[in-house]
Amino acid sequence: MAYHWPVHTVFCDLTLEVEDRSCRHCAQALKVCCHRRRRFFMGAGPVQLLCKLCHCPDPACAGHSQTISPEEETALVMPYWVLGWDVFCWLGHRRFARHWSVPQIRAELDDRFAIPLSVDAIERYVGRYQLMLAARQQDPRVVASAYRRSRGLILTIDGLQPEKGHETLYVVRELTQKRVWFAEALLSSTAAEVQRLLARARAWVERLGLPVRCWISDKQDAFVTGIAAEFAGVPHRYCNNHFLRDLAKPMLEADSHAKVQMRQQVRGLRAIEREVLAERVADTPDASAALLDPAATEVPASATAGDVVLDYCAAVRGILNDNHGGPLQPPGERMAEALTEVRQSLQRNLEAKKGGPRRRASSGWQSGSTPAWLRWQRTES
Ligand SMILES: [Zn+2]
């Protein structure tokens, strides 16, 4: 969609002409046949560009029907773009090197360059930048230069599913230079489809002329048969990450069993909460009376102690429901630590209450801010 320029926009005028003025077909001097006006943003401000287009003046020449644009035009801005290359590069760099979000880029485009652009438009430019980046990453000359000192390749293939139910993205990477060679989303992960990707990897290998030291994957069937077919004789190793995960399986099962047992021991939260809430309803003075008498609005001490009890219940429930973690941070172990901290905290409160004189109930209680409770709050937020 064409960009809508506000009427008061101040443009910097620029005129470009064709530099090579001889006809490609008959070598006659080209003549200006028409003009093209276009507007776009550069970092320094809006530009109004006038391009003088040329053609061969000889109606009999093939060059007569071909209009030639000034060579310099695409060095400033691509056809139909509203952003010049300088702003385009700035945008792509912020997105991919600095990991800025689109709304963040949008705000900064406006603040810094006074370029108001919609989210949709920015996303389109981000997509174009991504395409160019991928094309550059896969440019055979760039790849050859990256591997000029290499003596061998270690290749991996893995299927990633960014969202459940969506197609799987297959990624082929080379580990010695830490490069993603290419990625392709396959709707059906049949052996034939996977083998097509492996054949593409083989074409890359042949172009580089380097030996493949080994392949690494999770060894799903399609990978095993495909690699054996396309890379006969190349060792195919099990991926460390998957290996570790499988190795840790019995330990995670034991951890999960321990969690079930802990959950069975810590029960009755709901009953405690109901009791506190029932007490509170009984203690709360009539609302209208509170409005008439300001002194009555003071929270009863029992309600404050009740809050602490409810805090403890919420903390314990959070601990019991926390399922995050993997083999290196087993969730059951974390649960045991957190429950121990809660128990110690309760014990401290009981001891504090046994000693010292009887004060307002709340002052004898510490809040539920144990490290476990804080950690649980962090994981929830
Ligand atoms: Zn000509």
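The values are calculated or read from the model by the stated rules, or taken from the named source; none is laboratory data. Computed from a predicted structure; not experimentally measured. Neighbour counts are summed over all protein chains in view; Cβ atoms, including those assigned to glycine, are modelled from backbone coordinates with ideal geometry. Heads up: the accessible areas ignore ligands, DNA and RNA and are worked out on the full protein's heavy atoms, side chains in. Shrake-Rupley method; radii C 1.70, N 1.55, O 1.52, S 1.80 Å.
Here are the numbers:
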| read-out | value |
| --- | --- |
| Calculated [θ] (222 nm, deg cm²/dmol) that DSSP helices of n ≥ 4 give over the chain, each run adding -39,500 (n - 2.57) | -15500 deg cm²/dmol |
| Whole-number percent relative contact order across region 60-204, with pairs defined as alpha carbons under 8 Å at least 6 apart | 11 |
| For ALA185, distant residues with modelled amide H under 5 Å away | TYR170 |
| Rounded to whole Å, sorted largest first: equivalent-ellipsoid semi-axes of region 45-105, Cα gyration tensor | 37, 11, 8 |
| Placed amide H near CYS33: partners under 5 Å, 5+ positions off or other chain | LEU53, CYS54, HIS55 |
| Prolate/oblate/rounded label for the chain (Cα gyration tensor, a/c 1.5) | oblate |
| Within the chain, percent of DSSP bridges classed antiparallel, to nearest 5 | 65 |
| Residues HIS324 and GLU279, FRET efficiency given R0 of 30 Å [Cβ-Cβ distance, rounded to 0.05] | 0.30 |
| For VAL205, solvent-accessible area (1.4 Å; no DNA, RNA or ligand), Å² | 20 |
| Relative contact order %, region 134-203, counting alpha carbon pairs below 8 Å whose residues are six or more apart | 22 |
| Of all DSSP beta bridges in region 1-64, antiparallel share, percent nearest 5 | 65 |
| Prolate/oblate/rounded label for region 188-250 (Cα gyration tensor, a/c 1.5) | oblate |
| Number of Lys pairs (Cα under 25 Å; 8 or more positions apart or on different chains) in the chain | 6 |
| Pair CYS214, ASP246: separation of 7 Å Cα→Cβ label points (nm) | 1.4 |
| Exposure rank, largest accessible area first [PHE243, PHE11, PHE223; 1.4 Å] | PHE243, PHE11, PHE223 |
| Model label zone, ASP13; criterion: amide N under 13 Å from point 7 Å along Cα-to-beta-carbon; scope region 44-75 | 48-51 |
| Within-13-Å neighbourhood charge of ASP246 [Cβ basis; K, R +1; D, E -1] | +1 |
| For GLU71, solvent-accessible area (1.4 Å; no DNA, RNA or ligand), Å² | 90 |
| Nearest-0.05 FRET efficiency for GLU206 and ARG343, computed from C-beta distance (R0 56 Å) | 0.30 |
| Solvent-accessible surface (1.4 angstrom probe) belonging to LEU208, in square angstrom, nearest 10 | 40 |
| Sequence of SER65, SER145 from largest to smallest accessible area, 1.4 Å probe | SER65, SER145 |
| Full-extension gain in nm, SER256 to LEU186, via 0.36 nm per residue minus C-alpha separation | 21.7 nm |
| Accessible heavy-atom area order of LEU83, LEU160, highest first, probe of 1.4 Å | LEU160, LEU83 |
| Distance between region 312-335 and region 122-197 - C-alpha centres, whole angstrom | 37 |
| Contact order relative to length of the chain, as percent, for alpha carbon pairs under 8 angstrom and 6 or more apart | 8 |
| Part-to-part distance (alpha-carbon centres) for region 205-238 and region 251-276, which is given in Å | 48 |
